[in-house]
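Undergrad: Dumping the structure here so I can ask a few things about it.
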Amino acid sequence: MVQTRKQSLNTSRKNRGKTIFYWSILAFPLLQFVVFYIGVNLNSFALAFQEFDMYDEGLKFVGFDRLWTNFVAVFQEFQEADYLLKAFNNSIIAYLIGLFVGLTLALLFSYYLYKKFFMSKFFKVILFLPFIISSIILVIIYKYFVENAIPAFVLQLFGTEIEGLLSNPDTEFVTVLFFSIWTGFGIQTLIYGSAMSDISNDIVDAAKIDGVTPMREFLQIDIPIIAPTIAVFVVSSTATIFVNQMNLFSFYGADAANYDIWTIGYYMYQGITVAPLADYPFFAAFGLVMTMITIPITLIVRHFMNKLDPNGR
Amino acid sequence: MKKRNLSVLNVSLFLILTVYCISLIWPLIWAIFTSVKEQYDFLYNPLGLPSTYIFENFGTVLEKFEVNAIVDGIQERHGLFQMLVDTLLYAGGAAFVATLVPCITAYATAKFPQKKMSGLIYAIVIATMIIPIVGSYPAEITMLQNLGIYDTLLGVWIQKANFLGVYFLVFHAAFRGLAKEYSEAAEIDGANEFTIMSKIMLPLVRNTFFTVFLIKFVEFWNDYQVPLLYLPSRPTLSFGLYFVSNYTGNTISTVPLRMAGCIIILLPILALFIAFKEKLMGNITMGGVKG
Amino acid sequence: MNRKSMIALILAMVTVMSVLAGCGGSGGNSKVDSSKTHLSVLCYDGGIGSEWAKNAAKRFEEKYANVSFEEGKMGVVIDITNDKLDGKNGVTTTPYAIWFTESVNFNELIATNQIVDISDIVTGSLSEISDGADTASIEDKLAPEFKEALTAVNGSYYCVPHYEVYTGLVYDVDLFDEYGYYFSESGSFTAVAEEKTVGPDGVKGTKDDGLPSSYEELYALMDQMVADGVVPFTWVGSSENYVNDLFAGLQVAYAGKDEFMLNVTFDSSATDTQATIIESVEGDTPVEQKVTITNENGYLMTQQAGRYYAFELMEKILSNDSYHTKLDKSTSHLDTQEKFILSNLKAGEKPIAMMIEGTYWYNEATEALKRSVNTYKELAEGRRFGWMPLPVQYKGSVTEGNGRKTTVLETLNSVAFINAKFKDDAAILDLAKKFLQFCYTDESLVEFSVTTGLPKCVNYTIPEDKLALIDNYFQKDILDTKMNSDVVYPYSDNPIFVNDQNQFMFNQGSPLWAASYDGRTSTNYYTAFKAGVTAKDYFFASAMDQETWNSRYGEYLN
């Protein structure tokens, strides 16, 4: 059918309307992003190329001849200060354990909720509690628990006196890591659970007729179907691998003295909190270096996660 | 109960979940008992039951819970009620914009995927999840001051009104999943785009909207850092809690009193949660992470 | 929920928000008296309170009630705000004209133009502001090391020292008296004043008589306490950094003022003082050696003898549970203080003899002290806690005339300054300068000490009648320590120090001298000793070598 003049005029007016709509909706969000993300972080980007001089002007550009001086300092620090390597390792360990233990438990629990097994409504409410309760409260309570209650129980049960789990340098890291997993997977569980509840009953029923065991159904049907949702969490936790400070700031403020439990995220956070201005350029460069390490890791993980997605969307 | 429910998987999951729940509820009970202890009772018996129950602790906290607010460089003392008002303003407003902005941004980009900006926004969301931000809050304070909105509610609302983060993906998936017919039908009726969005599409995602709003609300309710840094004239309840547990020379200096404070702050949010638990734990599904 | 109710909800919320926003915090500045000139003052009140500032403000307001600083206004109102800020995130972005705060790296603030040149009021006479009572200048009251350090960058004064805090050991004097924990001339313990040894200062009849003058004596005392069922030490377990409070105190006591200053001046020639360092250990005996310190060998200060002995004591304390209370990261400083106070009152508790703390602890423990009196009545009234002079020798006992004046270290880097935001506001700047100067007249200094129980970081004398106004033993003891000891202010104008001040601070968590191992900042000594590393190994492994020193400070060496 041949379009009449009137119709095509209508279409173009409609298109113009759509364009106006599109940009008027996006104007504020984009402006906000430019000001509060790019604007604010440009400054921290610029800091990486500045240095501090007590006798002259404070912060100033390092000059083109020494452009990479702060970055060189970062790599030197990595070579000289073994606590940084330790923190790097801790970040990786926290990430991997969080991923495997946290994700596995979250998936299993969400399966339980999805299948509406015994008491699942109650569990659902409890799983949400750590999110509801402010982290200050949780940390205070947890500290008392591991420092006082556990030693008291061990004494009663086995008759041996042990140190508090945070006081003992050997168990401190595990205890803090446990806390972040313990309080971390509730939301994931709920979201996986609701993603699973969208799975078509036909598929599940068909599987049941084929005599598929619950374990196989879970592994081979449910998980692949909710793979996109899992991917969101895996990718975002990979992206924050060197930002994650494992709640150390809630536990110790800026003075967690045992370097053996530091993560890179905590190192940066406490560095910015307590370091003198003169060290800001170093930390800015440090952040950029970490970003450069994170990006390829995240892209690889994302690529891998996309492969798991059977829909190939 | 059906028989298949009794597989090894289910029973072991049930046991793990039970242990987990106990581990979460126990500390809460500990906090409740501690909140009615006398200070010496607590110091020498931090774990056992109270030897006497001091319910006055709650009265003391309600009466003496005060924080410093700095209004135009002049110090004021804010009590619980003022903190509650400011908390509602901060958490309510910030949660609203932090839900609305990703929602409409996701709507525009999901509706017009062919526009280049849509792809770019999607990429920005993914990219900003990857890039860690080195503490840049001095820069943020300077920015707010230059805009003349530092230490104002409007300022923190605007600050929180970004589309970044995982909930953009949630809304994006939701809008993409919605049948196109809804809006096409409306278009034939001659409705303009704003009408379609506000009258038809947004109501369709109201459950997700409400869930995200509540999640954000809880998050901001428990957040003490933003009020601490950007809103010194309106300290919130969580900031108050942070304040009494970190500043010395305070009348609420004992652990039992602090626990009572914690419980007082916890109660409203717990009530909200119980009232809206279906909504809060409603259906959120997420899109993939492909651009 | 249907569409309409959703919209209604949003509308209702917006309405409620706007109503609430109207009645919220920033609306009512009803307290502002616009007929007077306002001066906004920031006063960090941790462990010290702001009563002193209110008192000074009141006197100031009265003095200037009939003076006009701005056209159309008569008199002054000082608005005091308590906030914990150290200026690092910007002074000029805040509304406070004057800051009284701690943990300040003032050279940084000068370099970033955050604070105002106040040389005129620092060097000018206080005569006018004190109505003739005080003819000196603030500069006259400054210790020489402050004069040098404060003007190191460009010769001008930008700030003045504020309060003075020492860290180390608090001891329960009543308990020491009760158990007779004083060394006697014969080598045993005694409670009889005449039998006591001369103590670390080597002078008979002073308050340190009978207290351990050497590490050897301190160890003997610790063992005696354990034998008596007394716990020698407690400290705040929630942060390992608290043990540094003692670590720094020990080093300064052993080195004495002139020698300890080499840690920041790197210049033996100024006071003709050599550093005592440990080069090697023969068997169990460390071999001391004297060296002349210059910029070139400043790293040798990481081998100073006091550091070795302090490590040794720390190792001893940490490796034996009976020397300290149970370490517990869930116990706050307030609870630790309260348990220390109660330990000697409560039946069935092991008394605790000493607590590692800062001199401000008594202010923090106000509520706990009140509670103890409410519960234990006269038993808890008028208790005597004291500030413990620390050992000055490694072995043996100090003999008469051979001791050292008590030496303490200021650790909080507390200063006062004026916000550069007001540098062009003539009226406020003038007023701010006047009030700042006002706070340093003898009258204000004495009032500060009587109110807070803490000294200001300048030289002044508190008359006996004013000292008598303080109602407790501890704070009197602190002010007495201030007036009758060598106080070390660890500042200098050496560019190495000026450029890297944070590395040379001796307070909690100081990076260079306190917590490094194996030439790297790795395991702190606290963790290391608990894990069985010996003090000797730790000492040598954590000493800095010449190469590292040169790579850091090469540009300042000749």
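Undergrad: Do we find that B:Arg206 is in contact with a strand residue (DSSP E or B) (Cβ under 8 Å, 6 or more places away or on another chain), more than 12 Å from chain A (Cβ to nearest Cβ), more than 17 Å from C:Lys84 (Cβ to Cβ) and not aromatic (Phe, Trp, Tyr) in this structure?
TA: Against the criterion (in contact with a strand residue (DSSP E or B) (Cβ under 8 Å, 6 or more places away or on another chain), more than 12 Å from chain A (Cβ to nearest Cβ), more than 17 Å from C:Lys84 (Cβ to Cβ) and not aromatic (Phe, Trp, Tyr)), B:Arg206 does not qualify.
Undergrad: Can I ask one more? Would you confirm, using the coordinates I've provided, whether A:Gly271 is closer than 23 Å to A:Phe49 by Cβ, in a helix (DSSP H, G or I), at pLDDT below 85 and at the interface with chain B (Cβ under 10 Å from one of its Cβ atoms)?
TA: For A:Gly271, the condition - closer than 23 Å to A:Phe49 by Cβ, in a helix (DSSP H, G or I), at pLDDT below 85 and at the interface with chain B (Cβ under 10 Å from one of its Cβ atoms) - is met.
Undergrad: Which of the following residues is at pLDDT 85 or above, surrounded by 21 or more Cβ atoms within 10 Å (Cβ to Cβ) and out of contact with any Ser or Thr (no Cβ under 9 Å at 6 or more places or on another chain): A:Phe233, A:Phe242, A:Phe282, A:Phe304?
TA: A:Phe282 is the lone residue from the list that is at pLDDT 85 or above, surrounded by 21 or more Cβ atoms within 10 Å (Cβ to Cβ) and out of contact with any Ser or Thr (no Cβ under 9 Å at 6 or more places or on another chain).
Undergrad: When you look at C:Lys290, is it among the basic types (Lys, Arg), within 14 Å of chain A (Cβ to nearest Cβ) and under 28 Å from C:Met505 (Cα atoms), yes or no?
TA: Details: among the basic types (Lys, Arg): yes; within 14 Å of chain A (Cβ to nearest Cβ): no; under 28 Å from C:Met505 (Cα atoms): yes.
Spelling it out, it is not the case that C:Lys290 is among the basic types (Lys, Arg), within 14 Å of chain A (Cβ to nearest Cβ) and under 28 Å from C:Met505 (Cα atoms).
Undergrad: Within the stretch B:257-280, track down each residue that is farther than 18 Å from B:Phe209 by Cβ, facing chain A (nearest Cβ under 10 Å) and either surrounded by 16 or more Cβ atoms within 10 Å (Cβ to Cβ) or among the charged types (D, E, K, R) (or both).
TA: Within the stretch B:257-280, the subset farther than 18 Å from B:Phe209 by Cβ is B:257-271, B:274.
Filter again for facing chain A (nearest Cβ under 10 Å), leaving B:258-259, B:261-263, B:265-266, B:269-270, B:274.
Listed by number, the residues that qualify are B:Arg258, B:Met259, B:Gly261, B:Cys262, B:Ile263, B:Ile265, B:Leu266, B:Ile269.
Undergrad: Sticking with this structure for a sec: Scanning the stretch A:163-200 for residues that are assigned to a helix (DSSP H, G or I) and within 14 Å of chain C (Cβ to nearest Cβ), which turns out farthest from A:Leu96 (Cα to Cα)?
TA: Narrowing the stretch A:163-200 to residues assigned to a helix (DSSP H, G or I): A:169-182, A:186-197.
Narrowing further to those that are within 14 Å of chain C (Cβ to nearest Cβ): A:169-173, A:175-176, A:179.
Working: A:Pro169: 21, A:Asp170: 20, A:Thr171: 18, A:Glu172: 18, A:Phe173: 14, A:Thr175: 16, A:Val176: 15, A:Phe179: 15 Å.
The selected residue is A:Pro169.
Undergrad: So which residues in the stretch C:341-389 are touching a residue at least 60 places away in the same chain (Cβ under 8 Å) and aromatic (Phe, Trp, Tyr)?
TA: Listed by number, the residues that qualify are C:Tyr360, C:Trp361, C:Tyr362, C:Phe385, C:Trp387.
Okay, residues lined up against (1) under 25 Å from the mean Cα position of the chain (by Cα); (2) loosely packed, with under 14 Cβ neighbours inside 10 Å; (3) in a loop (DSSP other than H, G, I, E, B):
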site	(1), (2), (3)
B:Leu13	no, no, no
B:Ser23	yes, yes, no
B:Thr34	no, no, no
B:Gly48	no, yes, yes
B:Leu62	yes, no, no
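Undergrad: Next up: Assess whether B:Gln75 counts as being within 30 Å of C:Thr37 (Cβ to Cβ), within 14 Å of chain C (Cβ to nearest Cβ), free of Cβ contacts under 8 Å to residues at least 60 places away in the same chain and in a helix (DSSP H, G or I).
TA: Criteria not met by B:Gln75.
Undergrad: Return the total of residues in the stretch C:471-487 being modelled with pLDDT under 95 and aliphatic (A, V, I, L, M).
TA: Going through the stretch C:471-487 one residue at a time, the tally reaches 1.
Undergrad: Then there's this: In the stretch A:34-90, how many residues are of a type in the set (A, V, I, L, M) and in a loop (DSSP other than H, G, I, E, B)?
TA: Count: 5.
Undergrad: Kindly list, by first and then second residue, each pair from a residue in the stretch C:409-427 that is surrounded by 15 or more Cβ atoms within 10 Å (Cβ to Cβ) to a residue that is part of a helix (DSSP H, G or I), limited to pairs with Cβ atoms under 6 Å and residues at least 6 apart or on different chains.
TA: What qualifies is C:Leu409/C:Ala248; C:Leu409/C:Val252; C:Val415/C:Phe106; C:Ile418/C:Ala432; C:Phe422/C:Ile428; C:Phe422/C:Leu429.
Undergrad: Considering the stretch C:227-241 alone, what residues qualify as being closer than 25 Å to C:His333 by Cβ and not aromatic (Phe, Trp, Tyr)?
TA: C:Val230, C:Val231, C:Pro232, C:Thr234, C:Val236, C:Gly237, C:Ser238, C:Ser239, C:Glu240, C:Asn241
Undergrad: Can you pull out the helices (runs of 4 or more DSSP H) entirely within the stretch C:269-384 that have at least 1 residues that are over 26 Å from the mean Cα position of the chain (by Cα)?
TA: C:366-376
Undergrad: Go through the residues of the stretch C:68-77 one by one and say whether even a single one is farther than 29 Å from C:Asn154 by Cβ, of a type outside the set (S, T, N, Q), crowded, with 22+ Cβ neighbours inside 10 Å and in contact with a Phe, Trp or Tyr (Cβ under 7 Å, 6 or more places away or on another chain).
TA: yes
Undergrad: Considering the stretch C:463-478 alone, what residues qualify as being crowded, with 21+ Cβ neighbours inside 10 Å and of a type in the set (A, V, I, L, M)?
TA: Selection gives C:Ile478 alone.
Undergrad: From the set of residues in the stretch C:33-59 that are in a loop (DSSP other than H, G, I, E, B) and surrounded by fewer than 14 Cβ atoms within 10 Å (Cβ to Cβ), which is modelled with the lowest pLDDT?
TA: Per the criteria, the residue is C:Asp33.
Undergrad: Kindly indicate which of C:Leu175, C:Leu142 is surrounded by 22 or more Cβ atoms within 10 Å (Cβ to Cβ) and at pLDDT 95 or above.
TA: C:Leu142 is the lone residue from the list that is surrounded by 22 or more Cβ atoms within 10 Å (Cβ to Cβ) and at pLDDT 95 or above.
Undergrad: Could you please find all residues in the stretch A:209-239 being in contact (Cβ under 8 Å) with a residue 12 or more places away in the chain and not in a helix (DSSP H, G or I)?
TA: Answer for the stretch A:209-239, where residues must be in contact (Cβ under 8 Å) with a residue 12 or more places away in the chain and not in a helix (DSSP H, G or I): just A:Ile226.
Undergrad: I've got another one for you. Within the stretch A:195-226, track down each residue that is buried (at least 21 other Cβ atoms within 10 Å of the Cβ) and not acidic (Asp, Glu).
TA: Of all residues in the stretch A:195-226, those buried (at least 21 other Cβ atoms within 10 Å of the Cβ) come to A:195-196, A:222, A:226.
Correct list: A:Ala195, A:Met196, A:Ile226.
Undergrad: Tally time: how many residues in the stretch A:114-162 are touching a helix residue (DSSP H, G or I) at 6+ places or on another chain (Cβ under 8 Å), more than 9 Å from chain B (Cβ to nearest Cβ) and either surrounded by fewer than 21 Cβ atoms within 10 Å (Cβ to Cβ) or closer than 16 Å to B:Glu278 by Cα (or both)?
TA: 5
Undergrad: Please pick out the residue among A:Lys14, A:Lys86, A:Lys60 that is surrounded by fewer than 16 Cβ atoms within 10 Å (Cβ to Cβ), at pLDDT below 90 and either closer than 17 Å to A:Phe282 by Cβ or assigned by TED's automatic domain parsing to the domain that holds A:Phe185 (or both).
TA: A:Lys60
The values are calculated or read from the model by the stated rules, or taken from the named source; none is laboratory data. No experiment lies behind these values; they were computed from the predicted model shown. Every residue, glycine among them, receives a Cβ derived from its backbone with ideal geometry; neighbour counts consider all protein chains shown.
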